[in-house]
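Presented below is the structure to which this report refers.
The values are calculated or read from the model by the stated rules, or taken from the named source; none is laboratory data. Every value quoted in this text rests on a predicted model; they were computed, and no experiment measured them. Reconstructed Cβ throughout: ideal geometry from the backbone, glycine too, with neighbour counts over all protein chains shown. Accessible surface is based on the protein model in full, side chains and every heavy atom, while ligands, DNA and RNA are left aside. Shrake-Rupley method; radii C 1.70, N 1.55, O 1.52, S 1.80 Å.
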Amino acid sequence: RQKNPVIRATSSSNPAQNDGFVLEDVPHLTDFLPDLQSYPNPLQKRQAYVMFKKNFVTPEDVVAQNIVIQKDSPRGVHFRRAGPQEKVYFKSDEVRACIVTCGGLCPGINTVIREIVCGLNYMYGVEDILGIEEGYRGFYSKNTLKLSPKVVNDIHKRGGTFLRTSRGGHDTQKIVDNIQDREINQVYIIGGDGTQKGAARIYEEVKKRGLQVAVAGIPKTIDNDIAVIDKSFGFDTAVEEAQRAINAAHVEVESVENGVGIVKLMGRYSGFIAMYATLASRDVDCCLIPESSFYLEGKGGLFDFIEERLKENGHLVIVLAEGAGQEYVAADVHAANEKDASGNRLLLDVGPWLSQKIKDHFTQDRKMAVNMKYIDPTYMIRAIPSIASDNIYCTLLAHSAVHGAMAGYTGFTVGPVNSKHAYIPIARVTEKTNTVQLTDRMWARLLASTNQPSFLTSNDLTQEITVDKETFPLDFFFHFLRPQPP
Ligand code: ATP
Ligand code: MG
């Protein structure tokens, strides 16, 4: 959280109306370069913008984080609304922008790259745009790539990242030295939580050196685990593509005796993809996510549930998020605590582990042979191009970032808050991740749709109830509450 949120003075004649208004503002270049000159936004000459004057946002336009508030309660946290402003702090022919992509793949990265390039060029007439190849280390170990609308014209139809990516290799000093040497003055950084922390460091160093360089982050995570924003790009595409794997599993298990299908989906710390893919499909019998710990043995455990469904339907499909059940796998498999080049803990592969556990248990303990079909489509999902809705979303993200940088904002990320795009301080999206709340309605809807065990104990429930009385759908949970494990 930003240390000094701007608390705007009450201007209204009715003081109660502005009570508790907090603007969590993003930094602006003039904070440390007070003499910086501004210019009229070149978009003012465009017909579309002349016709629709309201397309410009003013520095007064803000977006509320909480859309539902009680009468007389504080208005709460707001963010600056994204969009073109009447004043810009760069002359178009003096802009030298660069784009870098870091971390894992996600559908839509290429659309974001394309739309930053086209947005800068078509809206602001910027011609000098560089691609930094292979992530952060590309700043100091690679030549740059010249980007233009022509070069990126078709890339949104492909998966992956046109600029390639890497993990590790963030050296703030070397990166900012390079930004300075190459006379870059706008830096667009596309990547996950690690990448955005790196972007914050670049911004701090740029500020320390007093450079006129705008640093804009575009948050990327297929898991939809970014705090504050409504949804991350690539998420809808992932849920859509997951349907194909779930369908395949369903076809397989329907065709054999005692068919058990397991589909592993992305979700290291949050189970949004698994939850939404399950809700969309209707072929899933059980969804396991990191937020809801499950158990195998005993009354109300997974094995009992599998047997029940096999007896009822002859087959079942389980959707498993990759971060689910890590505590069990760690106890069984000897390999915990390995890390990747960026220092992220590597997860143990829960898919094969769970498949084996189920097979062993049913053949040995229940004398019931199961036909196990295990599908891991995770790399295939990450690699596809984004679907139409994500393409539109990626375009808005890219254009918001471009408008923000041109307007002189820096050290910010972009994303929709209650469906309006906003500029958000980087720290707000890196300090906390978004997870599925077991007490929210969506998880209750999932339990209602699959009729799977909730795996919650009465203890979990009483704790949760005290936390979230408002949204807690009690009747649902008690309905699905099964006896506790022995
Ligand atoms: P994903 O969630 O897809 O893995 P990510 O952005 O979190 O994406 P990482 O591999 O963790 O992926 O990080 C990407 C880049 O950010 C790497 O180059 C890494 O060196 C850098 N980075 C990670 N954490 C930090 C940090 N705390 N400070 C500075 N740079 C960081
Ligand atoms: Mg990460």
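Looking at Ala324, Ala274, which is the one that is in contact with a Leu (Cβ under 6 Å, 6 or more places away or on another chain), more than 14 Å from Leu447 (Cα to Cα) and of a type in the set (Gly, Ala, Ser)?
Ala324
With the requirement that a residue be under 20 Å from Arg80 (Cα atoms) and either open to solvent by 30 Å² or more (accessible area, probe 1.4 Å) or not in a loop (DSSP other than H, G, I, E, B) (or both), what does the stretch 191-227 give you?
Gln196, Ala199, Ala200, Tyr203, Ala214, Val215, Ala216, Gly217, Ile218, Pro219, Ile226, listed by residue number.
Which ones in the stretch 99-116 are in a helix (DSSP H, G or I) and away from ligand 2 (no atom under 16 Å from the Cβ)?
Asn110, Thr111, Val112, Ile113, Arg114, Glu115, Ile116
Could you please find all residues in the stretch 343-354 being open to solvent by 70 Å² or more (accessible area, probe 1.4 Å) and either assigned to a loop (DSSP other than H, G, I, E, B) or more than 16 Å from ligand 2 (Cβ to nearest atom) (or both)?
Across the stretch 343-354, the qualifying residues are Leu346, Asp349.
With the checklist (1) at pLDDT below 95; (2) assigned to a loop (DSSP other than H, G, I, E, B); (3) touching a Leu at 6+ places or on another chain (Cβ under 6 Å) in hand, flag the one item Asn337 doesn't pass.
For Asn337, the exception is condition (3).
Is it true that Glu297 is acidic (Asp, Glu) and at pLDDT below 90?
Against the criterion (acidic (Asp, Glu) and at pLDDT below 90), Glu297 does not qualify.
Looking at the stretch 85-94, can you tell me whether even one residue there is free of Cβ contacts under 8 Å to residues at least 40 places away in the same chain and either more than 24 Å from the chain's Cα centre (by Cα) or surrounded by fewer than 18 Cβ atoms within 10 Å (Cβ to Cβ) (or both)?
For the stretch 85-94, residues free of Cβ contacts under 8 Å to residues at least 40 places away in the same chain and either more than 24 Å from the chain's Cα centre (by Cα) or surrounded by fewer than 18 Cβ atoms within 10 Å (Cβ to Cβ) (or both): present.
Name the single residue that is least open to solvent (accessible area, probe 1.4 Å) among those in the stretch 130-165 being closer than 18 Å to Pro107 by Cα, of a type outside the set (D, E, K, R) and assigned to a helix (DSSP H, G or I).
Ile155
Looking for whichever is open to solvent by 40 Å² or more (accessible area, probe 1.4 Å), more than 16 Å from ligand 2 (Cβ to nearest atom) and more than 18 Å from Ala249 (Cβ to Cβ) here; the options are Lys367, Lys373, Lys357. Which one fits?
Result: Lys367 is the single residue among Lys367, Lys373, Lys357 that is open to solvent by 40 Å² or more (accessible area, probe 1.4 Å), more than 16 Å from ligand 2 (Cβ to nearest atom) and more than 18 Å from Ala249 (Cβ to Cβ).
Restricting the search to the stretch 386-407, which residues are under 18 Å from the mean Cα position of the chain (by Cα) and either open to solvent by 50 Å² or more (accessible area, probe 1.4 Å) or aliphatic (A, V, I, L, M) (or both)?
Ile387, Ala388, Ser389, Ile392, Leu396, Leu397, Ala398, Ala401 - these are the residues of the stretch 386-407 that are under 18 Å from the mean Cα position of the chain (by Cα) and either open to solvent by 50 Å² or more (accessible area, probe 1.4 Å) or aliphatic (A, V, I, L, M) (or both).
Restricting the stretch 166-190 to residues that are part of a loop (DSSP other than H, G, I, E, B) and away from ligand 2 (no atom under 16 Å from the Cβ), which is least open to solvent (accessible area, probe 1.4 Å)?
My answer is Ile184.
Is the stretch 235-253 home to any residue that is more than 16 Å from ligand 1 (Cβ to nearest atom) and in a loop (DSSP other than H, G, I, E, B)?
Among the residues of the stretch 235-253, not one is more than 16 Å from ligand 1 (Cβ to nearest atom) and in a loop (DSSP other than H, G, I, E, B), which makes the answer no.
Considering Phe362, Phe303, which residue is out of contact with any strand residue (DSSP E or B) (no Cβ under 7 Å at 6 or more places or on another chain), crowded, with 19+ Cβ neighbours inside 10 Å and modelled with pLDDT of 95 or more?
Answer to the check: Phe362.
Do any residues in the stretch 190-211 that are in contact (Cβ under 8 Å) with a residue 60 or more places away in the chain and closer than 17 Å to Val100 by Cα have Cβ atoms under 6 Å from those of residues that are among the polar types (S, T, N, Q) and within 11 Å of ligand 1 (Cβ to nearest atom), where the two are at least six apart or on different chains, and which pairs are they?
These pairs meet every condition: Ile190/Thr101; Gly192/Thr221; Asp193/Thr430; Gly194/Ser342; Gln196/Thr430; Lys197/Thr430.
Give the number of residues within the stretch 67-84 that are free of Cβ contacts under 8 Å to residues at least 40 places away in the same chain and surrounded by 12 or more Cβ atoms within 10 Å (Cβ to Cβ).
Of the residues in the stretch 67-84, 1 are free of Cβ contacts under 8 Å to residues at least 40 places away in the same chain and surrounded by 12 or more Cβ atoms within 10 Å (Cβ to Cβ).
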